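Only one structure is covered here, and it is reproduced in the block below.
The values are calculated or read from the model by the stated rules, or taken from the named source; none is laboratory data. All of these numbers come straight from a predicted model, not from anything done at the bench. Every residue, glycine as well, gets a Cβ built from its backbone with ideal geometry; the counts of neighbours run over all protein chains shown.
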Amino acid sequence: MLKLYTARENIDKERFIYENIEGETLVLVPDQYTLVAEEQALRHLNTSCLYDIEIMSMNRLGLRVLTEQGKEAVPLLDKYGRFMLLTRIIKMHLNELSIYRNVAGKTAFTAMLNDFISDFKQQDCNIGEIRDMLSNTETDRLLKAKLTELEIIIRDYENKIKEKGYIDSEDYISRYIEAIKDSDCINDKTVWIYGYDSITPKFAEAMFEFADKAKSVNFIVNQSYFRLDEQLISKIKQEALNRGIDISVDSIGQEYSLKKSETIRLMEANLWNDNIVPNRDFVPEDLTVVRAANPYYEAETAAAYILHLVRDLGYRFNEIQVIANDENVLQPIIRRTFEEYGLPVFIDSVRNITDSAVVSFIVNQMWFLIYGKTSGYLFAALKSGLAGIEMSDAEDIENYARLYHIKGSMWYRDFKYGEESYGIETFNNLNEIRKRILEPLIELENISKCNKVEDFVKGYKDYLDNTLNLADRVSDFAQRQEEMGLADEAQRSIQSYDKAVEILDQIVEIMGDEEMDLAEFTEIYVAGLKNIEVGVIPPTKDGLSLGTMIRTRPRPVRAVVVLGANEGILPLRPSTEGLFSVDEMQYFKEKDFPIGDLDDIKMEEENVAMYRMLSKPSEKIYISWSMTDVEGKEEIASPVIDALTELFPRIEEDGLIRKDVVSTGWAKSTFNHEYGQMTDDVPVSDTINVPGETMRHFINHIKDRNTSAEPDDQTDALFAWYERKDNETLSAMLVAAQDENDPRPLGRKTASDIFARSDGTLRLSPSSIDRYFECPFRFFIDRGLRPREERVFSSDPRAIGDVYHECLMRIAQKILEDRDFGINLAECSKSELEEIVTAELDAIASDYGGGLFISTAGEEFRMDRIKEICPGAVRAMAEQLSSGSLIDASFETDFSTGGRFKPIELQVGDTKVYVEGKIDRADILGLEGENRVRVIDYKTGNDTLNLDKMRVGYKMQLMIYMISALSGKLEPAGFFYFSIKDYIDTANDKSTGQIDKIMESDPSDAFKLRGIYIDEPGVLESMPEKVLAKTRDGKVNRDKFEAIKQDVIDRIQEIASSIIDGKISIRPLKTDGNRLVCEYCSYKPICKRDREYVRNTSREIPKYKKGEN
């Protein structure tokens, strides 16, 4: 017998369950709710121990069923093992992928594929359904291509787990479902299931199997206004009918209604209706709505509100639930702010372990051995706190190594530099520290020489247990974290170690009998570690908890505090990133392919979770949103805010949407009075709470330019209090209050000492001119302080660009030596071209950076990607250089004193300024008795040419190159960008029309020259035209060219003049797309830019005032 009971969130479902329980009972709830469910059972049964009642998750019951029959011992590939196996499979089939090839090496793609397989199997899908899609003539080309590639991976995945004789998590569910019919542990028991908004087909199958064995199965359906319950009931009834199982559906009566405040009651009953009926005369006294200026003020306001509840209204922390769906940005801000307000908060979430000290130590040890004994990895391992080395010793060894450039094999030998400056005793101690650090690493290196992966894992476990005694080190480390008040981080450290060791067994299952290669092993191991998430238990019962709508299932609470009520966050909009586009998921839905409904179900689950949480409290609701994000971009309120103002019109009519506590102003209050009694003159500001935070607001108040000359009573009182309690801090803060973070000009002498040569000349490169224009302060750090960034032994965009440049230059020189070779390159077959390019790239890879691009599987993958892209660029270059007009070409050509081309020489005051550098390529074209120059700049990024912006000083490199090239008594032909980048575009976020355009486009279009040519007779034909891309500024006449040239010279003079004067203001530029140049700047901790300061505001690219030219 299967009984369904429906109830909305105004009903006490748990009281209903425990008042109707009879005999031995199993209560099944979601995994994350088991602890709270046990608490509620004890409360409703008014007992301290549960008799004849067991509360567990479905998987826990499945394990019991298997254990009862001795079937639990089966090799299990968990989701982390599957992630590592998929990482290997994707790599093995890389050459068979086309659509997904561009993302195949990325963790995010493997994670999406991992989730897809999990959903695929939980929805009882099979490979045959994919094949049916492929044979369907209605399936479009792109989707067929995707499904073909996914079938390759899924088929190989299934074959491999079958070969190895183990099962994955989804097959494990099927295994215990099959065992239920032979189980005795459910016989004659009553089963209650609750806490689920939706269930998978496999879950439903298990439930029906229980119905055949148990006395009865009772399922509580969470009723809501989002129809998820209706769909669930319909599916269960249909399946029950198919199986011949009796089923009933009843509603839980109103006698089980929960006691709620009138505000909460009205919200639960009306807020989610399609047609909201306004309560015009009702003032929602228990609803607080806050509009915050930014996320930081929003977090402060919530902290002040919670303090008000606890301090003034007698709430306990565990009677308040805090919710913020934005886990990546807002939750860390909330945690930090709450701690500053003396509100320690537990974050209820699963957490990644890759940034844990344990994983950092383990992985950096391996990377040190793999990547040429790079010192940075060794230092990272030492700083983890788990190396068995005192932190002071680690710092000493790092300082020595940086001073004397210790790297690579030098770590394996005694230090020999600095004995005199350090002193014999200290120097010998440094060598002893070095030996203690290297001894375990040498042992690890020896272990890695095992023949088989299985042997390495066995030796590695022994290394962790006995050589490092890492379990005890982690335990001590966690204890120190607890003593520092970081109980949740302590739990994460312990679990990180357990998981890091646990997945070693999964690696053995996947590749244990294969040959050991430390680089490949580490790549798979790190892939598994990146996918691991752990949950932690609240360190105290009476504490604040911060979670998300979908995950958090709190006990009954008096108040719910919701932050981040912004569009797309509340409710949380499912990510559009995935293996399939929205249109493709809709197509699946139309074809009854089960995964087609999953996005809709996830969205409905978010809506139901939001309804449940906002209906949860018995007394008060607080909800806030921010008008801007952390970068100052405008944000929009959630539709929930609109619904609240529609339900309770008095909120807007009476002006009851409150400002955040900071924007409210000094000596004013948001919470320190009763709702509705909005007065401007209250005795205590909400910003006055704890000494540290109050000091910050106090100083900001003093700094505020709008502060009146006459101090107010509140300011006087605080000044006197801090003077008595902490006068030293007060004095320092008052000094700091005068600072506006505006670096004064260095002055001409200091600027000359820093930026000029010993002969007094100022020599600038095009890139340094660009950097000054983007941010004078960053230029000062770069050219003045000259910090050295530690280079790690791995490729970066610069290294990849170097390889492209070198390959193109080598082949171009061969073309110049043999023009027929160039013509052949432009016309030869794809395979012939790839063979020529691959030979050059192999030669470059073996030499570049000490073999960087052949050092690891990851670097080899990048080189393989270069090999795919470079032939297109080479063919395009061959067409450019095969023009009959080409006389000569030069590569990486200097324009400098003594170079082929002269530098740009300017006199700025009494300072001689030279602009020098290198031109990637300068083509000399013969045209009607005169030679012209075509300047080409190779780009691996997305640079575009904009003449108007060039004329005001932004991205002037091409014209600078042209001006210097003209010094060789040449006439201008044009200047261009030659883009050398991955032309494969992602199609997931494109319309059908855009997808078709991508599929049909000619990849060679990506390699056409983008820039301008001089609109004079014969110039376009000399290019020739077919090598040029069509752009907005395709051509200019000579007058306009000369005008642009003069504008650029004028801008260089202005920038040089500012540099000579030592102007180093913190005024970053906003570039295309309204993005600050600060976004990827390494110097943000140095400049400490604050957009609140007038002299720290950003600059827009000036608008060029169009005249004649």
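Tell me the residue from Ile904, Ile924, Ile919 that is touching a Leu at 6+ places or on another chain (Cβ under 8 Å) and β-branched (Val, Ile, Thr), please. Selected residue: Ile924, the only one of Ile904, Ile924, Ile919 that is touching a Leu at 6+ places or on another chain (Cβ under 8 Å) and β-branched (Val, Ile, Thr).
Of the helices (runs of 4 or more DSSP H) lying entirely inside segment 26-107, those containing at least 3 residues that are among the hydrophobic types (A, V, I, L, M, F, W, C), under 21 Å from Gln506 (Cβ atoms) and touching a helix residue (DSSP H, G or I) at 6+ places or on another chain (Cβ under 9 Å) span 79-92.
Okay, residues lined up against (1) touching a residue at least 60 places away in the same chain (Cβ under 8 Å); (2) in the same structural domain as Ala204 (by TED's automatic domain parsing); (3) closer than 21 Å to Arg8 by Cα; (4) of a type outside the set (Phe, Trp, Tyr):
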residue	(1), (2), (3), (4)
Arg243	no, yes, no, yes
Trp272	yes, no, yes, no
Phe282	yes, no, no, no
Glu285	yes, no, no, yes
Glu298	yes, no, no, yes
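Among the criteria (1) surrounded by fewer than 16 Cβ atoms within 10 Å (Cβ to Cβ); (2) in a loop (DSSP other than H, G, I, E, B); (3) at pLDDT 80 or above, the one Ala717 does not fulfil is (2). Please enumerate the residues belonging to segment 584-632 that are under 30 Å from Glu298 (Cα atoms), of a type in the set (D, E, K, R) and without any contact (Cβ under 8 Å) to a residue 40 or more places away in the chain. Of everything in segment 584-632, just one residue is under 30 Å from Glu298 (Cα atoms), of a type in the set (D, E, K, R) and without any contact (Cβ under 8 Å) to a residue 40 or more places away in the chain, namely Lys602.
I'd like to know if segment 1047-1064 contains one or more residues that are charged (D, E, K, R), modelled with pLDDT of 90 or more, outside the structural domain of Lys633 (by TED's automatic domain parsing) and surrounded by fewer than 15 Cβ atoms within 10 Å (Cβ to Cβ). Checking segment 1047-1064: at least one residue is charged (D, E, K, R), modelled with pLDDT of 90 or more, outside the structural domain of Lys633 (by TED's automatic domain parsing) and surrounded by fewer than 15 Cβ atoms within 10 Å (Cβ to Cβ).
Contact annotation: residue pairs with Cβ atoms under 9 Å, 6 or more positions apart or on different chains, pairing a residue in segment 849-874 that is on the phi > 0 side of the Ramachandran plot with a partner that is aliphatic (A, V, I, L, M) and modelled with pLDDT of 80 or more, are Gly849/Ala799; Gly851/Ala845. The number of residues in segment 740-756 that are more than 18 Å from Arg1099 (Cβ to Cβ) and either touching a Phe, Trp or Tyr at 6+ places or on another chain (Cβ under 9 Å) or part of a helix (DSSP H, G or I) (or both) comes to 9. Among the residues making up segment 314-347, a single one is outside any helix (DSSP H, G or I), within 22 Å of Met695 (Cα to Cα) and among the aromatic types (Phe, Trp, Tyr): Tyr341.
From the list Gly485, Gly543, Gly564, Gly535, which residue is surrounded by fewer than 20 Cβ atoms within 10 Å (Cβ to Cβ), within 23 Å of Gln321 (Cβ to Cβ) and either without any contact (Cβ under 8 Å) to a residue 40 or more places away in the chain or in contact with a Phe, Trp or Tyr (Cβ under 8 Å, 6 or more places away or on another chain) (or both)?
Just one listed residue meets the conditions, Gly543.
Give segment 1061-1073 a look and list any residue that's in contact with an Asp or Glu (Cβ under 9 Å, 6 or more places away or on another chain) and either part of a helix (DSSP H, G or I) or closer than 23 Å to Ala751 by Cβ (or both), or say none.
In the first step, residues of segment 1061-1073 are kept if they are in contact with an Asp or Glu (Cβ under 9 Å, 6 or more places away or on another chain); the result is 1065-1066, 1068-1071.
Residues satisfying the conditions are Ser1065, Ile1066, Pro1068, Leu1069.
Tallying residues that are hydrophobic (A, V, I, L, M, F, W, C) and under 21 Å from Asp355 (Cβ atoms) within segment 382-411 yields 6. A Cβ distance below 9 Å, combined with a sequence gap of six or more or placement on separate chains, defines the contacts here; from segment 888-901, residues that are loosely packed, with under 15 Cβ neighbours inside 10 Å reach residues that are not hydrophobic (A, V, I, L, M, F, W, C) and not in a strand (DSSP E or B) in the pairs Glu892/His805; Thr897/Pro903; Thr897/Glu916.
Given the condition more than 27 Å from the chain's Cα centre (by Cα) and hydrophobic (A, V, I, L, M, F, W, C), answer yes or no: does some residue in segment 581-595 qualify? Within segment 581-595 (the criterion being more than 27 Å from the chain's Cα centre (by Cα) and hydrophobic (A, V, I, L, M, F, W, C)), the answer is yes, since at least one residue qualifies.
Which of the residues that make up segment 204-232 are within 23 Å of Asn270 (Cα to Cα) and not aromatic (Phe, Trp, Tyr)?
Of everything in segment 204-232, those that are within 23 Å of Asn270 (Cα to Cα) and not aromatic (Phe, Trp, Tyr) turn out to be Ile220, Val221, Asn222, Gln223, Ser224, Arg227, Leu228, Asp229, Glu230, Gln231, Leu232.
Taking segment 770-792 as the search range and keeping residues that are in contact with a Gly (Cβ under 8 Å, 6 or more places away or on another chain) and modelled with pLDDT under 85, which one is surrounded by the most Cβ atoms within 10 Å (Cβ to Cβ)?
Filtering segment 770-792 for residues that are in contact with a Gly (Cβ under 8 Å, 6 or more places away or on another chain) and modelled with pLDDT under 85, the one surrounded by the most Cβ atoms within 10 Å (Cβ to Cβ) comes out as Val792.
Exactly one residue out of Lys616, Lys589, Lys633 is surrounded by 23 or more Cβ atoms within 10 Å (Cβ to Cβ), outside the structural domain of Ala108 (by TED's automatic domain parsing), out of contact with any Ser or Thr (no Cβ under 9 Å at 6 or more places or on another chain) and basic (Lys, Arg), and it is Lys616.
Within segment 108-126, count every residue that is closer than 16 Å to Glu158 by Cβ, part of a helix (DSSP H, G or I) and of a type outside the set (Lys, Arg).
Residues in segment 108-126 being closer than 16 Å to Glu158 by Cβ, part of a helix (DSSP H, G or I) and of a type outside the set (Lys, Arg): 8 in total.
Annotation note: of Asp982, Asp1002, the sole residue that is within 30 Å of Ala922 (Cβ to Cβ) and either at pLDDT 90 or above or within 31 Å of the chain's Cα centre (by Cα) (or both) is Asp982.
Just one residue in the set Ser261, Ser251, Ser224, Ser257 is in contact (Cβ under 8 Å) with a residue 40 or more places away in the chain and more than 30 Å from Thr645 (Cα to Cα); that residue is Ser251. With respect to (1) touching a residue at least 40 places away in the same chain (Cβ under 8 Å); (2) within 32 Å of the chain's Cα centre (by Cα), the lone exception for Glu398 is condition (1). So, in segment 578-605, how many residues would count as being more than 17 Å from Gln223 (Cβ to Cβ) and in a helix (DSSP H, G or I)? Here the count works out to 18. Residues that are of a type in the set (Lys, Arg) and more than 26 Å from Ser768 (Cβ to Cβ) were ranked within segment 1009-1061; the one that is farthest from the chain's Cα centre (by Cα) is Arg1038.
If only residues of segment 153-170 that are more than 12 Å from Leu85 (Cα to Cα), surrounded by 16 or more Cβ atoms within 10 Å (Cβ to Cβ) and not charged (D, E, K, R) are counted, the one that is modelled with the lowest pLDDT is Tyr166.
Per-residue answers, yes or no, for (1) within 21 Å of Leu970 (Cβ to Cβ); (2) not charged (D, E, K, R):
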residue: Ile854; (1), (2): no, yes
residue: Lys867; (1), (2): no, no
residue: Ala878; (1), (2): no, yes
residue: Asp888; (1), (2): yes, no
residue: Ile904; (1), (2): yes, yes
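Among the candidates Glu892, Glu930, the residue that is out of contact with any Pro (no Cβ under 6 Å at 6 or more places or on another chain), in the same structural domain as Glu971 (by TED's automatic domain parsing) and within 19 Å of Leu808 (Cα to Cα) is uniquely Glu892. Lys449 meets the conditions (1) assigned to a helix (DSSP H, G or I); (2) surrounded by fewer than 16 Cβ atoms within 10 Å (Cβ to Cβ) in every case but one. The failed one is (1). So, in segment 237-265, of the ones that are of a type in the set (A, V, I, L, M, F, W, C) and over 39 Å from the mean Cα position of the chain (by Cα), which residue ends up surrounded by the fewest Cβ atoms within 10 Å (Cβ to Cβ)? Only one residue fits best here, namely Leu241.
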